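Just below is one structure, and these are the notes that go with it.
The values are calculated or read from the model by the stated rules, or taken from the named source; none is laboratory data. Only a predicted model underlies this, so the values are computations on that prediction, with no experimental measurement involved. Heads up, the Cβs are rebuilt from the backbone with ideal geometry, glycines too, and the neighbour counts pull from every protein chain shown.
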Amino acid sequence: MCHALTINKLQEIDNKLFLHRFFLPCNSWSCKECAPVKAAKCGVKARKGFEGCKVRFMTLTAPTGLNITQMLVCLKESWNRLRTELTRGGKKLKYAWTLEAGEQFGRPHLHVLIDRFIAVRKLSKLARRCGFGKIVDIRAVKSDKAFVYVTKYLSKGMGSVAVEKALKRLNGRRVGFSRGFLPAKPKADTGTTISIERPTKEYTDEIAATPLFKRVCGVQREIVVGKRKISYQILEKEPWMSDFSEIIQKLSSGECHIGQFIPRKEREILWGSIKRNFDVYG
């Protein structure tokens with residue numbers, strides 16, 4: 001179920017403490033909301049990965065006489081063998097593949113982008129030896145068009161309900177990239193997770209009634225509402241505060257609420273007329 005759970009995190013940004021509430025997507029290709037987002041991300045990845053490369057576009061089919069499940073298994077195993085052949089001798093190969101079912105008969109086949117030239121005759125022989133069907137095609141494409149091919153085939157769906165169900169039973173994938181396709185990025189600090197919830201209502205005014213919100217949010221100064229994320233600025237660092245590490249630690253463990261970190265005197269000076277919006281619990 002898409003957005004059936006939310007994850008709540010505390011994060012310090014520019015001397016301000018934020019509560020982020022992320023709607024967790026289902027990330028399913030059958031989801032009307034998640035599928036276009038995933039397709040776009042894969043397309044962008046393909047464009048960045050093949051930037052400056054000479055790209056070839058291959059189509060590989062499964063042999064005849066097999067049912068859909070057998071075709072999917074055959075495509076996976078045959079591609080692994082072909083990939084091994086192409087990288088034999090320590091040769092590097094950058095690739096991106098997508099799985100699609102034919103419009104007329106619903107037969108699954110692979111579309112593969114690679115950064116290497118292979119003659120059609122050689123590819124046909126090699127593909128047959130690795131277990132693919134008779135129909136094999138390869139052609140040159142511009143590197144800046146690589147993302148168009150990936151996004152195109154992923155955005156229009158699998159093309160066959162039977163193939164989609166069989167792929168799900170096999171726990172298979174619709175898209176794949178070579179190892180190290182893009183340079184690894186350092187993981188950004190996304191904050192400290194404090195809870196995971198199953199919301200019962202849409203996040204509007206009802207969010208203020210949740211125990212977590214009451215425990216964490218002091219004076220609500222800023223709200224940023226996105227499609228999959230809501231951010232609340234809940235505190236700004238003042239001169240008398242050392243840092244937010246203790247606050248984040250105690251709020252994460254549920255030991256206290258944010259009001260306990262603000263002495264009464266400072267609270268009256270800081271908040272003044274908006275003090276009525278600040279609840280002190282415990």
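Among the residues of the stretch 66-83, the ones that are over 25 Å from the mean Cα position of the chain (by Cα), of a type in the set (Lys, Arg) and closer than 11 Å to Gly131 by Cα come to 1 in all. Against the condition out of contact with any Ser or Thr (no Cβ under 8 Å at 6 or more places or on another chain) and under 30 Å from Ile247 (Cβ atoms), how does Leu5 come out, does it pass? Yes: the conditions hold for Leu5.
The set of residues in the stretch 11-38 that are more than 30 Å from Gly159 (Cβ to Cβ), among the aliphatic types (A, V, I, L, M) and surrounded by fewer than 18 Cβ atoms within 10 Å (Cβ to Cβ) contains only Ile13. Restricting the stretch 112-136 to residues that are over 18 Å from Gln70 (Cα atoms) and not aliphatic (A, V, I, L, M) leaves a set whose member that is surrounded by the fewest Cβ atoms within 10 Å (Cβ to Cβ) is Arg121.
Given Ala140, Ala127, which one is modelled with pLDDT of 90 or more and either within 23 Å of Cys53 (Cβ to Cβ) or of a type in the set (D, E, K, R) (or both)?
Residue meeting the stated conditions: Ala127.
Among the residues of the stretch 49-59, the ones that are of a type outside the set (A, V, I, L, M, F, W, C) and in contact with a Phe, Trp or Tyr (Cβ under 8 Å, 6 or more places away or on another chain) come to 3 in all.
Would you check if there is a residue in the stretch 176-189 being in contact with a Cys (Cβ under 6 Å, 6 or more places away or on another chain), modelled with pLDDT of 75 or more and surrounded by 12 or more Cβ atoms within 10 Å (Cβ to Cβ)? No, there is no match, as no residue in the stretch 176-189 is in contact with a Cys (Cβ under 6 Å, 6 or more places away or on another chain), modelled with pLDDT of 75 or more and surrounded by 12 or more Cβ atoms within 10 Å (Cβ to Cβ).
Could you go through the stretch 73-84 and let me know if any residue there is of a type outside the set (Ser, Thr, Tyr), closer than 16 Å to Val55 by Cβ, in contact (Cβ under 8 Å) with a residue 40 or more places away in the chain and surrounded by 15 or more Cβ atoms within 10 Å (Cβ to Cβ). So far as the stretch 73-84 goes, no, none of its residues is of a type outside the set (Ser, Thr, Tyr), closer than 16 Å to Val55 by Cβ, in contact (Cβ under 8 Å) with a residue 40 or more places away in the chain and surrounded by 15 or more Cβ atoms within 10 Å (Cβ to Cβ). Among the residues that make up the stretch 88-109, is at least one of them crowded, with 17+ Cβ neighbours inside 10 Å, among the β-branched types (Val, Ile, Thr) and touching a Leu at 6+ places or on another chain (Cβ under 9 Å)? Yes; the residues of the stretch 88-109 include at least one that is crowded, with 17+ Cβ neighbours inside 10 Å, among the β-branched types (Val, Ile, Thr) and touching a Leu at 6+ places or on another chain (Cβ under 9 Å). Scanning the stretch 90-116 for residues that are without any contact (Cβ under 8 Å) to a residue 60 or more places away in the chain, of a type in the set (A, V, I, L, M, F, W, C) and touching a strand residue (DSSP E or B) at 6+ places or on another chain (Cβ under 6 Å) turns up Leu110, Val112, Ile114.
One residue stands out among those in the stretch 146-163 that are closer than 14 Å to Ala96 by Cβ and in contact (Cβ under 8 Å) with a residue 60 or more places away in the chain: the one that is surrounded by the most Cβ atoms within 10 Å (Cβ to Cβ), which is Val150. The set of residues in the stretch 45-66 that are surrounded by fewer than 18 Cβ atoms within 10 Å (Cβ to Cβ), in contact (Cβ under 8 Å) with a residue 24 or more places away in the chain and hydrophobic (A, V, I, L, M, F, W, C) comprises Cys53, Phe57. Quick check, is Thr84 modelled with pLDDT of 90 or more and hydroxyl-bearing (Ser, Thr, Tyr)? Considered against the rule, which asks whether it is modelled with pLDDT of 90 or more and hydroxyl-bearing (Ser, Thr, Tyr), Thr84 comes out as yes. Filtering the stretch 29-65 to residues that are under 13 Å from Thr98 (Cα atoms) and aliphatic (A, V, I, L, M) leaves Ala39, Ala46, Met58, Leu60.
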